[in-house]
Amino acid sequence: MSTAIEPAPAVPRVAPRAQSSSRLAHGAFWIMARRVTVVAAGVDIAFLALFLMLDSPVLAWLNLASVAMYVGAYGLLKRRINRLALLLIWAEVLGHAAIGSILVGWDSGFHYYLLMFIPAIVVSGRARSSVLLVLLLLSFYLGLHAASRMVGVLTPLSATGLLVVHSFNVAIVFAMAAYTARFYYGTVRRAERKLIELTTQDPLTGLSNRRNLLAVAETAMAHARRTKEPIALILADIDHFKQINDQHGHAVGDQALEHCGGLLSRLCRTLDVVARWGGEEFLLLLPTTGVDAATGLAERIRETVATTGVDHAGLRIGFTLSLGVTVLRAGESLSAAIARADQALYQSKANGRDRVTVVD
């Protein structure tokens, strides 16, 4: 591309973000649930060692049952037996909190783990069932508090030991809450990015799709109107594409499309938008680009495609591109400019293909 073109602010390459569906959040929840079972099993192993140090073997070995339950829940989640896995996790946390609060006392802090269910319930359930589960959890929490005060401490620890257990529980709850929130957020963000890619990219070539180019073009045209800078369009079409499919199969045709998409991306700038416009057509939106620079780029594209090809069954299968070039006129709509580029492309086809035609 000509070095005379002045740099311009990068044009956003994606369309406005689509709203993510509830399935996105639920999928992230199940991914998080598997990770939490691993973390929770590690916490119970740490509890086992802690209670052995505090000379409370009964409390120590109870954590072995918790580890086994989390291992079972992890296996169920991997096999997508989600409901049974959740029941196992609920049973472990409720049971662990109840046994710990009754044996060691309310001041041990085992009841804090119950509070971690609240965000999990809200994310994983429907609105009505979530409210019911939160109310049941609240009832269990208040009932456990009353029971622990009524029964007293069945397996007392020393003041130092109780302080250590309480501090350990607080630290673990804080760490797990931060970890799960961060992990869930990251998972949702990755899923959102994937969703955006699916709605803005052509799945075969990885280029922008038609909808995304039209959305990005609005921003580019608004910028061009303010700055009085030109915008060029190049419409390219693979010559005799039907023959490629008929003679070599659709897999080779797909290879040709991918090959062209990769070449176009490499030859264009980061602020240019390259889209798969139709079956074997590609449209290039070139901000801050005049007709001479656009024509030079089109010639480089044509020559590069003509001198390369795709490999299939030990053979190099070559093909060519016909291209049409135009520049957006002042006050003109994008559709009118694209129609003019299409006329130029038609002239390239009519004049023998493998050529660039400019309509300025």
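The values are calculated or read from the model by the stated rules, or taken from the named source; none is laboratory data. Because the structure is a prediction, the values reported are computed rather than measured. Note that we place each Cβ from the backbone using ideal geometry, even for glycine, and neighbour counts take in every protein chain shown. Protein only, heavy atoms only, side chains kept; ligands, DNA and RNA dropped before computing areas. Shrake-Rupley method; radii C 1.70, N 1.55, O 1.52, S 1.80 Å.
Some observations on this one:
- Under the Debye formula (equal points on every Cα, no solvent term), log10 I(q)/I(0) of the stretch 161-261 at q = 0.12, 0.20 Å⁻¹: -0.71, -1.07
- As a length-normalised measure over Cα pairs under 8 Å and 6 or more apart, the relative contact order of the stretch 121-252 settles at 6 percent.
- Computed accessible area, Asp55, all protein chains, 1.4 angstrom probe, square angstrom: 130 Å²
- Surface share of carbon and sulfur [accessible, 1.4 angstrom probe, percent] for the chain: 61 percent
- Measuring spread by the Cα atoms of the stretch 105-234 yields a radius of gyration and Dmax of 26.9, 82 Å.
- Using the alpha carbons alone, the radius of gyration of the stretch 216-256 stands to its Kirkwood radius in an Rg to Rh ratio of 1.37.
- Axial C-alpha extent at least 27 Å, average Kyte-Doolittle at least -0.5 - helices from the chain (DSSP): 22-53, 57-78, 82-104, 127-151, 159-200
- Both numbers refer to the Cα atoms of the chain; Rg and Dmax are 31.7, 96 Å.
- Equivalent-ellipsoid semi-axes for the stretch 25-159 (Cα gyration tensor, √(5λ), whole Å, largest first): 27, 20, 10.
- Distance (nanometres) between label positions extended 7 Å along Cα→Cβ at Ser130 and Asp254: 4.0 nm
- Label positions at His223 and Ala330, each projected 7 Å from the Cα along the C-beta direction, are separated by 2.2 nm.
- Each eigenvalue of the Cα gyration tensor of the stretch 262-323, multiplied by 5 and square-rooted, gives one semi-axis; in descending order these are 24, 13, 10 Å.
- Whole-number accessible area per residue in Å² for the chain, which is evaluated in the context of all protein chains at 1.4 Å: 53 Å²
- Taking 0.36 nm per residue of separation and subtracting the Cα-Cα distance, full extension of the segment from Arg300 to Ile118 would add 59.5 nm.
- Two-decimal Rg/Rh across the stretch 248-360, once Rg and the Kirkwood Rh are taken from alpha-carbon atoms: 0.98
- Pairwise centroid distance, computed over Cα atoms, of the stretch 294-360 with the stretch 151-213, Å: 49 Å
- A DSSP coil position with no more than 14 other Cβ atoms inside 10 Å describes the following trypsin sites (Lys or Arg not before Pro) in the stretch 134-228: Lys228.
- Summary value for the chain: 17 percent relative contact order, contacts being C-alpha pairs under 8 angstrom separated by 6+ residues.
- Förster-model FRET efficiency, 51 Å R0, Ala49 and Leu198, C-beta, rounded to 0.05: 0.65
- Arg269 paired with Arg189, simple spin-label distance in nm, labels 7 Å along Cα-to-beta-carbon: 3.0 nm
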